[in-house]
Amino acid sequence: NDVKVQNLGAETVKAVVAISGSPLVPEPAASNGLVIERKYFTPDGQPADPALVKQNTRLVAVLSVMKPAGDTENGNYLLVDRLPAGFEIENPTLVSSGSTSDLAWLSDTSYAPYTEFRDDRFVASFTTSTAKLAYMVRAVAPGSYVHPGATVEDMYRPELNARTAPGTVMVTAP
């Protein structure tokens, strides 16, 4: 449906249009002045593939962000890792099993002054030119789901950004 706006008065009219949605085709991995990598591990530190997991499996999501070699300028970075449906974050402020601080193999994570463990995503901000962040997820609902790419950008220089490739996950009944 077409929308027609007409100014019938003598004063200038200003309009603001906001549009939101998801792209029809997932955006591919990209690196524009930043590099981001997402890997999954079992709680005991073994590499894990989230493409096929059994319901109630716990995984550790590890996100690494860096700038190209030789560039060490800090910034104000925001990392967002959206979860596939069927996964839930184990929020360490609500359940002790969600904490990654007791995982001996994961001793080199970075401090992020701000983190959020939302229902559908992990969010963190940091200012260092490199960062390694981790959080715990659990596969909760059987099915096949889209796994959105993780993104990072400099909040005040959004042309500096990166994203991982999207994928799919399948959660099977135990």
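The values are calculated or read from the model by the stated rules, or taken from the named source; none is laboratory data. This one's a predicted model, so the numbers in the text were calculated from it and none came from an experiment. As a convention, Cβ positions derive from the backbone with ideal geometry for all residues, glycine included, and neighbour counts pool all protein chains shown.
Being outside any strand (DSSP E or B), of a type in the set (A, V, I, L, M, F, W, C) and under 28 Å from Met66 (Cα atoms) is the filter here; which residues of segment 155-174 pass it?
Hits for segment 155-174 are Met155, Ala165.
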So, in segment 33-61, of the ones that are surrounded by 20 or more Cβ atoms within 10 Å (Cβ to Cβ) and aliphatic (A, V, I, L, M), which residue ends up farthest from the chain's Cα centre (by Cα)? Val53
Single residue of segment 84-106 satisfying the filter (modelled with pLDDT of 85 or more and not in a strand (DSSP E or B)) that is nearest to Pro26 (Cα to Cα): Pro84
Going through Asp2, Asp44 one at a time, which residue ends up being modelled with pLDDT under 90 and acidic (Asp, Glu)? Asp2
Pick from Thr72, Thr115, Thr109: which is assigned to a strand (DSSP E or B) and farther than 23 Å from Glu27 by Cβ? Thr115
Regarding Val65, is this residue under 12 Å from the mean Cα position of the chain (by Cα), touching a residue at least 12 places away in the same chain (Cβ under 8 Å) and either within 29 Å of Leu160 (Cα to Cα) or assigned to a loop (DSSP other than H, G, I, E, B) (or both)? yes
Can you tell me which residue in segment 127-173 is nearest to Pro92 (Cα to Cα), limited to those that are without any contact (Cβ under 8 Å) to a residue 60 or more places away in the chain and of a type outside the set (S, T, N, Q)? Gly143
Of Tyr135, Tyr145, the only residue that is among the aromatic types (Phe, Trp, Tyr), surrounded by 13 or more Cβ atoms within 10 Å (Cβ to Cβ) and more than 24 Å from Gly45 (Cα to Cα) is Tyr145
Given (1) closer than 21 Å to Thr151 by Cβ; (2) buried (at least 17 other Cβ atoms within 10 Å of the Cβ); (3) of a type in the set (Gly, Ala, Ser), identify the lone condition not met by Ala30. (2)
Answer from Val152, Val123 - the residue that is within 11 Å of the chain's Cα centre (by Cα), surrounded by fewer than 16 Cβ atoms within 10 Å (Cβ to Cβ), among the β-branched types (Val, Ile, Thr) and assigned to a strand (DSSP E or B): Val123
